[in-house]
Each structure stands twice: as structure tokens, then as C-alpha cells.
Amino acid sequence: MLHEQGRWNRTRVCNSDDQDVIGTDTSASASGTNKCIQPSVPTPEIRIWGGTWEAINMQAWLLQIILSELVGVPTSIETGSQDRNFNFYSSTNRFEYGDDTQVIPSVQVAYKLEGDCSRANDNATSEAYQACAHVVPEIWNDLVSIKEGKALLDNGLVEPPQANGIKGKEGWFITKHTVQDDPTLVSYFGLQGLDHDNRRRLAQIFKRPTTWQFYCTHISNNHCTNTSDTVAVRAPQDETEYDRMFVPGLYTGYFRPNEGCDNDIPIINNATNNNTTGMDLSNCTGHIADYPCLWTSSIAAQTHWLQIPLQSKGDEPGSRGYTYTQLQEIWRAANATRSNLIMHWWSPHALMQEFVGTDAEFQNVLLPTPTQECIEARHNDNIQRCSNNLTDRIGSPAAACDEQARSLLKVISTTVYNHLSNKNHPDLPPALASPAHDVLDRFTLSTEKVHQIFQYWRQEASLRQGVCRWAADNLDYLERFVTPTYPRVLVEGGNNNNTGLYYAALTLAIVAVVLSLVTAWQVHVRRHERAILYSQREFLYLLLSGLLLVSIGAILDAVPPTNGTCLASVWLVNLGMALQLVPHIIKIAAINTLTKAARRLRRVVLKQEALFKAVAAMCGLVVVFLILWTVLIPPQKVAQYELTSDLADDGFSTIVNVVYFCESSKDVFQYIAICGTLLLLLWASVLAVQNRNVRQDFNESQVLSILVYSHLIFTILRLVTFLVPRGTDALSGDTLDKVRSIIFSTDTIATIIIYFPSKLFASSIFASQENVNSRASSEFLRSSTGFQRRQSTFFARTDHGAEGRHESCNTNDPTSSAQRCECPNCGYVGEMRPLVITSQAEVSTVAPFVDSVASASAAARNLAMPSSQQSLPSVSFRNAEPESAMESVDEENAETNDAKKCEPEIADESKCKAEETQA
């Protein structure tokens, strides 16, 4: 509301009582009388207790202005009832006092709900309403002196009360014109005495106030039906007017004589035990207006022990006092009728300020000086101020002193510090810390400023307008309580998407994707070349699929996250890493198995289906792990807030950059995934060591070692990104996401560069070299036919598990009735039979298993190539039925193609020799 004064251009933030919300538009055109905006920084609402007197409510309103308009914290006023409203920003200017009986319960509820008062009345009816408050701006009694208040302190529900800057004083006050007429009345010395004369004197001076209903019913001659009545223009019309003591323009108030001062009754002379006629004035007293019994008052003890014949005669039970409203109306009636009045009241209060400089100005009555003994006597739990028995209400004689001046206190719930202001709550980011505790803790108001606000009230139509104008005139004073860097405004994304790190991560990820696709295309184009076949192209496709998945995951890590991309990235990266490592490990393990079997002169059948099942089984474990991760603690989009020193366009709000990154509530699954990757790398390292003695054609120990070393470096870097503390400006969660993206992309690119060039570029070298080998082998074979025949028989191990397929075999030859042929294309290795070697390719195939032939094969190779390039064909796993594990796969070599055909059995050696010559 400060903008209404023309000196404020901010729009307040909304609270739970608001309905007129205008979104987040803070422009002047959007600002209206009761307009509000949602807070830019999500801050818990603060609820301030609104009491039953103006001073506490005035402070509550000032705090609401500071919190709502100066620092951007939603703030509402708690009255203890769902049907009462004392909100400063009320669109209907409601002014309904709170219920003082709910003060302590409201603080207890706030503690129970950990400061979240929004949960106090979810779907609650007015009967089940729970009051909830974080701060009570003003209390008069030390909490230790109240049993319930001491429990709040002992149980840690509230902070120790601290001064709010105001000096308070309770006591007896008398109208100024009364003191002017009789100065002795301003001191208890001029009031003491229970003799008849003093009783009559005080009874005549301080008459009893009269309600409007009582006056019209019992005193007015025409029952307030005649307009000539100077006291009441009319009779009260309903119950709300019956107990009124003063109504401007309708009822001026009336002070009637006190009863018990004019009756003649017998008096017993105790000394003579004779009846005498006289005046019994024991009930003849002047009138003093007292508090309701629930308020703290010592009038009963003071008047009794100081022997002052004054008595309150209101309708309140126990104390016979008056309501808060009636007490104020009684003083106004005394002013309107120039009647004498003495009343128990306190300062500072707007009523006192209202009559400053008038004949009805408040004058403090001097009572005995308060002492510590007197104060302690008043705190006696045995004193029952609401009892109808006078003895229960007066206590001991020591309690008959004046009220002491005191520093008024404020009470703050510990939940404001522990749960709402990030002072002791690690889950709240510092940039989102509520300044509420700092404001409530630092806010003070002097007694003189309170009086000044009351003067503004007198000049304005209402207390609300007086407080508003005073706040506008004293804005510099209110800003003293504003915590630096507040208010704050969120800026989505900040400048993170424009940093070099963002573009570097995104560029590398795209390069990794493109490179993976290009490499896959090249492998497909060269799929029939020897180097690709040696490396098992199916396994290469799996490896490239894993690289592509990791690359796509790197893109998702680089771009602004969503809950979907966070989850997808985890799946892509971890499944991609499995597809990179697992097929490679399975393939190298198979090669090592074949190598061991070859050294033992054993033939081994490896089914490609079994190998793929092993890969699928291990990848299935990864999928199960990812499913558990998704169900239990899935990675989600998480906001991180960074407080800057920059100001927003409005010139006073501090910018808080908000960036988003992916994170699970716990990092346990991340660590499990990294440990799993390390275990796979360890497994690959062991296999690489075992693979070092394999023949060079299918020896990948060197390149595998480099790959393991590369993967290990990037995995360790990935682990470091989860170990470093997050939340700093340099290492925000968003920054770490981009760093991980770079790690994944670089790992992918490094894998492609290390592994695939040797496969793709070696094919052309092998093709040219094969022509030379073929010519040299043919020449050698023609000159060594006899040698060839002598070493042409190789007996393979019988394998009866080949499903009995014999389509191409010549089983009708009587010379081979005890033997069977080998049919490579139908995947069957028959019983023991001679293999006729008809080409260099078959020499090379069989040579590792026959020592003498091995020397011949080596001699043939040495005729045509350097020893460093001598090689054996690798093992091939085809999509057809399982084949011989040592079958040659050089599809470009004619001799090898001929050797693949199913050979009929040969009856005699001469026929075999003829066919060899033709070959």
C-alpha cells in the first residue's frame, strides 16, 4: 500500500488471505489497492499474532509491510479464529481483534508443523480451526512468570523473549480535570482511609458508569423515547448496543451514584453488645474501572491492603471488571460528560494519545514503589483473579505496590530460525533463505514512535491509514530492518546457456554422435573385408550401438534438463557403456578359449547364439539395475540457486540465477554404476593380458589395453564429478552435468579413434597382400605335391552334437564306409576321415595342429612375404548353423572358396592327386 502514497513503486507479495493476485507483473500499471504478486523466490509464509490491543496490532502491521513489500516474504495476521480477519491488506478493511486465549496454542502448533502453518487447517471447519503463529510482537509478562510460557521455553518451542523497544507501564489513571479539582487524588495518600467521610467523598467523586440499556430501562424518565433526553437520543436497538458505555451522537454515557452510601441500618457495638442506630458504610465505595479477570490486574490487592475505598462494579465475572471496548468507552463518556474517572490502564496506548492536551488527559496515580518482593508476591499461583471470593483475589500484603515500568518483549518461534530461514536447515539453499528471522529479530519500535503513530491515527480515518502514512513518511527507518540483498528475484537459467562450456559440451556430443554413425556406416560398407570379418562385425555393431547411446546421453546432459531427459540420460549412458564393454569382453574371452584349445590339438565348436546370449544376459542385468534405479530413486530435474551481486531492472531486487541439473535424492546408484564399469574394465584388463600370446591376426591385446586405459581415465573423471562438493558458483550442478557430457563425448571419440582405424584401413592392405600370397602358394604347391600328400591327413575330433546333417557328404563310397566327410556349410564335423589339402588356405588352416606341416606352411609364406606379415585366418561366427571354429573366411580368395565346398570322399590316392593338380 505504500505505492498509494506516491513514494513507493513496489507491489507486495501475496499471502494466504489474498484473492486478488496479478501473477508476477510488478509494473506500476499492475499495482492496485489490494493487488499482489506471487513471490519470485519461493519463501514460506510468516504468520504474526494479532492481539486485542492497538499497539501489538500496529506492530504486526508494520512487520507485515516490511516483510511483504520490502523483502518479499508472504505474511499474514493470525487472530486465533477462522472468522476473524485483521490482515493489513484486507480488501474490506476488516478490523477484528484476536483471541488472546489462543496465543500459546498457536505457537505450539507452529512448532508441531515445523513452521509450515499452511498445513494447520487443511480442510478444517471453523470449529476445528487451529491457530498457528510464528511471532508475537508484544507481550507484557515474562514467559517464565507464566506456567504455560515457561513450558514453551523449557521445551525449545520459542526463543528467549527479547525487548521490542517499547517501555510499558500499567497503573491507575485519573482524568486531568479531576486532579485539577482535587490534587490529593493523584496519590494513594489522598485516597487512603476507610472512615465514613473518605468513603462518602470517594463515592461522590468517582461515580459508577452506566450501560446504555440500564440507563434507558432504569434511569431515563421516558425510557429514551423522547428526543429531549440529553443523554440518549434513542434506546439501544439490539444486543450489540445494550452494553455500550458511549456511542457518539447517540449515547453520551451516564455516571450514577454508588449504592450503599445512604442506607440506615442497625450497627452492633461490639464493646457493649448493644444495638445502636447509625450508617453502615462498609459497602460505600467509590468506583474504579478494572480489567477483565483474564487480564493481569492487582486492583483487588492494592485497594484492600492500602485501605482505599474503591471498587470495580462491572459485569465481568470474578474481577467485576469491564471488557476492553467498555473501558475505552467509559473514558470517552467521562470526557463527554466531564465526569471524574479513575481506571486501571496501560501505556503506550492509542486511547491515552487520543486525549493528550484535553481535560480528560490521563494522569498516573502514584502508588507504593514496586519492589522485587512485591513483584514475586504477585506471581503467587495461589492468587485466583477470577474468583468470586475476595480472599482468593487479594493475596498477601506484599502485593500492594504499584506496577513496575517494563521493557515489552517479543516472542519468536524457533521454527523461524530452524526451518524457514536456512540458518540451521541444510535442505534450504542459501539463495532461497528467508530473511524473516533477521527482520523479526532486528525489528524494534520506540515508545515515542508508537505515540507518533497514534497521532497519525487521530489525523486519519482509521488506524490502518495512519500506519500506512507513517510507514511512507518513515520508510528510511523501516529499511534499517531489511537484510542486504533483499528482495530477491529469480532469473531462469541465468547466463549458463551462453557459456563456452555449454557450447563445448553440446558440440563434442554432436561430434561423437556423427562420428559413431559414420563409423557404423563404414563398417557396414566394408562388412565383407577380411579385417572386419576377423573382428566379428556383429560384435562391432554392438560396440558402435553402445557408443551411439552414450553420445546421445551426452547430448541430453548438455542441454537444459527435464525429468524425462534426466532419466533417459541415465539409461542411455549406462546401457551404452555395457554394450561397449560386454561384447568386447565376450569376444576376447572366446578367442582365448580357442587359442587354448588349439594348443591342445582340440577342435572347439563355438555357437554364435551362445555368445549373443551371454551378451544379452549381462546387458539384462544392467537393465534390471536401471529399472530399480528408476523405481526407487529416479534422477529428476533439480533446481540450484546462485545469488549474484547484480540488480534486476527494478533497481532494488537482487538477481538469483536458477539453473537446473539432474540428480537423484541419493547418489548410491551412481556409485554402483561406476563400480560396475570399473569391474568390467578390470575383467577386460585380465583378458587383454591373456590375449597377448595369440597369433597377430586375432591378437587385440595391445588395442584392448589402450582402450581399458582410456576408459579407466574417463570413468575416474566421471567419479570425481560426483565426489566434488556441489553448490558453489564454479561447480554448480549444471556445470557438472556439462562436464560429464564432455567426459562421455570424449570417451566415445577416443574409443572410435583407438579401435576402428586399424580395422577399416587394414582391409586394403590385406587385399593387396593376399594376391601376392596366392601366387607364391600356388608355385610352391606345384613343386611340393608329394610333400603335400604326406601331410594331408588331419583327423578331427568326432562331434555327435551336430544334429546329424550330411547333405553334401558322399556316404555311398564303399572305401569310406568307416569314415565320414566334413561338411562345413551344413555345420557338421563327421567321424574320423582324411582331409585333403588342396590349397595354401587349407595348409594355413591345418598347419597350427600338425608340427611338420607348420614348417612347410611357414616356408611357403616366407617365399612371398615378410615374416612380420605372416598370419593365420581368424575365427568366424556366422549366422547359419554352427561351423567349424577354425574355418577360413577369406571370401576374396578363390582357393578358400573352393575349400568351403563339401568334399566327397576320395577312393584312391591317384584320384586325389589328379584333383590336386587341377586345383
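Distant-in-sequence amide contacts of Leu409, defined by a placed amide H-H separation under 5 Å and a gap of 5 or more residues or a different chain, comprise Ile139, Asn164. Remark: spin-label model distance Thr391-Ala163 equals 4.3 nm, labels positioned 7 Å along the Cα→Cβ axis. Plainly put, region 526-665 has a radius of gyration that is 1.25 times its Kirkwood radius, both from alpha-carbon atoms, as the Rg/Rh ratio.
Of the cross-linked pairs Lys313/Lys410; Lys637/Lys738; Lys112/Lys147, those separated by over 23 Å at the C-alpha level are Lys313/Lys410. If one computes P(r) from the Cα atoms of region 492-571, what percent of pairs lie at distances over 16 Å? Tail of P(r) above 16 Å: 59 percent of Cα pairs. What is region 39-130 by shape, rounded, prolate or oblate, if you read a ≥ b ≥ c off the alpha carbon gyration tensor as root eigenvalues and call it rounded for a/c under 1.5, prolate for a/b larger than b/c, and oblate otherwise? Oblate shape, in that a/c is at least 1.5 and b/c is the bigger or equal ratio. Average accessible surface for region 35-151: 37 Å² per residue, computed with a 1.4 Å probe over protein heavy atoms with every protein chain in place. Converting phi to 3J(HN,Hα) with the Karplus coefficients 6.51, -1.76 and 1.60 and the offset θ = phi - 60°, region 702-712 yields 5, 5, 5, 4, 5, 4, 4, 4, 5, 4, 4 Hz in sequence order, with x at every glycine or proline. In this structure Val13 has an accessible area near 10 Å², from a 1.4 Å probe over the protein heavy atoms. For Gln636, nonlocal amide neighbours, meaning residues 5 or more places apart or on other chains whose placed amide H falls under 5 Å from its own, are Glu663, Ser664. Amide hydrogen proximity for Val41: with H placed 1.01 Å from N in the peptide plane, the residues at 5 or more positions away or on another chain lying under 5 Å are Leu490. At a Förster distance of 45 Å, what's the computed FRET efficiency of Thr499 paired with Ala617, Cβ-Cβ distance as r, to 0.05? E(calc), rounded to 0.05, equals 0.55. Couplings for region 221-236, taken from phi via the Karplus curve 6.51 cos²θ - 1.76 cosθ + 1.60 with θ = phi - 60°, read 5, 10, 6, 6, 9, 10, 5, 6, 5, 7, 9, 10, 6, 8, 7, x Hz in order; Gly and Pro are left as x.
Taken along the Cα-to-beta-carbon direction at a fixed 7 Å, the label points for Ile219 and Leu717 span 9.5 nm.
The values are calculated or read from the model by the stated rules, or taken from the named source; none is laboratory data. None of these values were measured; they are calculated from a predicted model. For neighbour counting, all protein chains shown are included, and Cβ atoms are generated from backbone atoms with ideal geometry for every residue, glycine included. Please note that ligands, DNA and RNA were not included when accessible areas were found on the heavy atoms of the full protein model with its side chains. Shrake-Rupley method; radii C 1.70, N 1.55, O 1.52, S 1.80 Å.
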